[in-house]
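The values are calculated or read from the model by the stated rules, or taken from the named source; none is laboratory data. Here the structure is a predicted model, which is why all the values come from computation and not from measurement. Using ideal geometry, Cβ is built from the backbone for each residue, glycine included, and neighbour counts are taken over all protein chains shown. The accessibility values were calculated without ligands, DNA or RNA, using every heavy atom of the protein model including side chains. Shrake-Rupley method; radii C 1.70, N 1.55, O 1.52, S 1.80 Å.
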Amino acid sequence: MTYLAAAEPRSQEVTDWAARIGWTVGLLIFIALLYWLMRQGWKWRGTLQGGLPELPAAPEDRGEPRLTLSGRYHGSTTAGQWLDRIVAHGLGVRSRAELTLTREGIAVERPGAQDFFIPADRITDARLDKGIAGKVLTEGGLLVITWRHGEGELDSGFRSDRAAEHPQWVTAVRDLAESTGAPDAADADTAHEKNTETEGAR
């Protein structure tokens, strides 16, 4: 019994408590510094995007719901640039989301974050994708809606609690965009150039 007790493994006793405490404090300071730098980067990006207009508000008469979706909002980016996150006006905040599609557009209700509305005449496209703003999912696991806001276009990414709904949403959103006759970016640029040439001729 004496032999077994002597052979029982024991954890090494900590003899240098000052070094251990120093390493722990240093690690906490490093983590705090990283968090502070991330916050400063977020604020800086928000300052750069200060010219982005306020988000559209839903009209009083939105019409009858055509589709609804419960899931998550994963963020918005500059259209076609899935890493260029938009943070102005709360668009960078990931949250739960309830989407309602009507003839007037798409209402996005977000508990704990700012709601917004995507008017039908600003919608240019919808597609299935797998990543946006640093969030990567399985292929087709993300519903991305492209819409005009301010002087550019945004991609807003959503994931339904029932991913099988995504294709139906893509079809319905595209049909709504076509029914409103919303021009795509290329058509808008062409129209702008024609207007400029006309004014120059005058």
Original post:
Kirkwood hydrodynamic radius (Cα pairs, Å) of the stretch 132-182?
Top reply: 12.2 Å
Original post:
For the stretch 90-141, what does the alpha-carbon gyration tensor say about shape, rounded, prolate or oblate, given a ≥ b ≥ c as the root eigenvalues, a/c under 1.5 as rounded, and a/b over b/c as prolate?
Top reply: oblate
Original post:
Based only on Cα atoms, what Rg/Rh ratio does the stretch 55-149 have, Rh being taken as Kirkwood's radius?
Top reply: 0.93
Original post:
Which peptide among 119-128, 163-172 comes first, and what is the full order, when sorted by highest mean count of other Cβ atoms within 10 Å?
Top reply: 119-128, 163-172
**OP:** On the protein heavy atoms, probe 1.4 angstrom, tell me the percent of accessible surface of the stretch 59-107 carried by carbon and sulfur.
**Re:** 46 percent
